[in-house]
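Scroll down for the structure; my scribbles are underneath it.
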Amino acid sequence: MAKEGRIGVFDSGIGGLTVLREVRTLLPGEETIYLGDTARVPYGTKSGEAVIRYSLEVAGFMKGKGIKMLVVACNTASAYALPALKEALDVPVVGVIEPGAATAAEATMAKRIGVIGTEATIKSGAYFDAIKAIDSKTAVYMKACPLFVPLAEEGWLDNDVTRLTAESYLANFKKEEIDILVLGCTHYPLLKPLIAGVMGKGVTLIDSARATAAEVKRILQEKGLVRDADPAFPAAPPEFFVTDSPERFATVGKRFFGDGLVSAELVRLGDS
Ligand code: DGL
């Protein structure tokens with residue numbers, strides 16, 4: 001595998017742009033390609049079997065683009081499809097759960113961690129298992145927060161509806177005296193200031209996006225595949241693909257990614 005290959009980043013929709021942003025910040029010399037499966041979002045309410053099928057279709061697309069690594073930015077897809085993706089691809093595959101879990105396990109002093117995510121991610125127990133595998137004595141409390149996804153997409157990042165929703169979802173974590181809360185969903189980093197306000201000073205929020213980008217860099221370095229930034233030949237901007245509504249992706253995506261997102265190309269995958 002050559003250094004010149006691009007890094008493929010995939011999510012069920014728009015939220016994975018938070019991960020792409022972090023990858024580009026940490027690895028400015030890399031070229032990237034992003035696919036949002038916007039025709040079939042949300043993955044968070046689907047069965048594990050459907051999530052695996054969709055993820056393998058995305059992997060097939062990415063393979064055709066000659067990627068040198070696949071980043072599964074979607075927590076739900078990481079929770080269910082990582083083993084199948086690793087088997088299907090002959091390039092490194094990185095999910096968001098293990099990096100986030102490892103950062104949380106390292107950071108907790110109270111040995112009490114909260115995890116929030118989609119229904120499917122929480123149901124899979126993937127964060128629970130990953131944290132327990134690192135430290136079986138750490139208590140892990142989990143809560144599905146499905147309304148955070150549409151609220152983030154709507155751009156309701158700091159208003160009364162979102163605050164009340166957060167207070168209701170997060171109330172139990174206060175009783176459980178956690179000192180770390182893992183934002184186990186691509187969309188939640190957008191709500192970070194609001195969630196931090198609700199949880200108060202004693203709780204640190206762990207953003208899987210940042211931890212995942214660090215893991216991507218570590219693996220590329222280990223394999224000698226990092227493409228260093230070269231001012232004479234700046235990396236091409238990311239190429240964006242979606243399975244539905246490229247215009248909506250570009251509009252809402254700016255909220256996640258900034259002005260670097262101009263347009264996306266429509267592709268068909270499976271039954272999308
Ligand atoms: N990308 C999903 C995740 O991180 C959130 C949106 C969805 O449910 O598809 O779990």
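The values are calculated or read from the model by the stated rules, or taken from the named source; none is laboratory data. Remember, predicted model here, so these are calculated numbers, not experimental data. Using ideal geometry, Cβ is built from the backbone for each residue, glycine included, and neighbour counts are taken over all protein chains shown.
Okay, here's what the table says:
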{"read-out": "Test: residue 84 is away from the ligand (no atom under 14 Å from the Cβ), modelled with pLDDT of 95 or more, more than 25 Å from residue 244 (Cα to Cα) and out of contact with any Gly (no Cβ under 7 Å at 6 or more places or on another chain)", "value": "no"}
{"read-out": "Output for region 193-211, where each listed residue is at pLDDT below 95 and part of a helix (DSSP H, G or I)", "value": "208, 209, 210, 211"}
{"read-out": "Residues of region 141-156 that turn out to be in contact with a helix residue (DSSP H, G or I) (Cβ under 8 Å, 6 or more places away or on another chain) and either more than 13 Å from the ligand (Cβ to nearest atom) or among the small types (Gly, Ala, Ser) (or both), as a count", "value": "7"}
{"read-out": "Region 47-63 - residue that is hydrophobic (A, V, I, L, M, F, W, C) and in contact (Cβ under 8 Å) with a residue 12 or more places away in the chain and, of those, nearest to the ligand (Cβ to nearest atom)", "value": "51"}
{"read-out": "Close pairs (8 angstrom Cβ cut-off, 6 or more residues apart or separate chains): under 17 Å from residue 211 (Cα atoms) and of a type in the set (A, V, I, L, M, F, W, C) in region 73-86, in a helix (DSSP H, G or I) and near the ligand (Cβ under 8 Å from one of its atoms) anywhere", "value": "79/120; 79/121"}
{"read-out": "Sole residue being among the polar types (S, T, N, Q), within 22 Å of residue 96 (Cα to Cα), touching a Lys or Arg at 6+ places or on another chain (Cβ under 7 Å) and more than 14 Å from the ligand (Cβ to nearest atom), chosen from 204, 138", "value": "138"}
{"read-out": "Condition met for residue 253 (surrounded by fewer than 19 Cβ atoms within 10 Å (Cβ to Cβ) and farther than 16 Å from residue 8 by Cα)", "value": "no"}
{"read-out": "Residue tally, condition out of contact with any Pro (no Cβ under 9 Å at 6 or more places or on another chain) and within 10 Å of the ligand (Cβ to nearest atom), over region 20-46", "value": "6"}
{"read-out": "Of all residues making up region 105-122, the number that are within 16 Å of the ligand (Cβ to nearest atom), crowded, with 16+ Cβ neighbours inside 10 Å and part of a helix (DSSP H, G or I)", "value": "3"}
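Every residue, every condition in (1) closer than 22 Å to residue 264 by Cβ; (2) small (Gly, Ala, Ser); (3) under 13 Å from the mean Cα position of the chain (by Cα); (4) buried (at least 24 other Cβ atoms within 10 Å of the Cβ), yes or no:
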| residue | (1), (2), (3), (4) |
| --- | --- |
| 10 | yes, no, yes, yes |
| 13 | yes, yes, yes, yes |
| 21 | yes, no, yes, no |
| 38 | yes, no, no, no |
| 47 | no, yes, no, no |
| 53 | no, no, no, no |
| 89 | no, no, no, no |
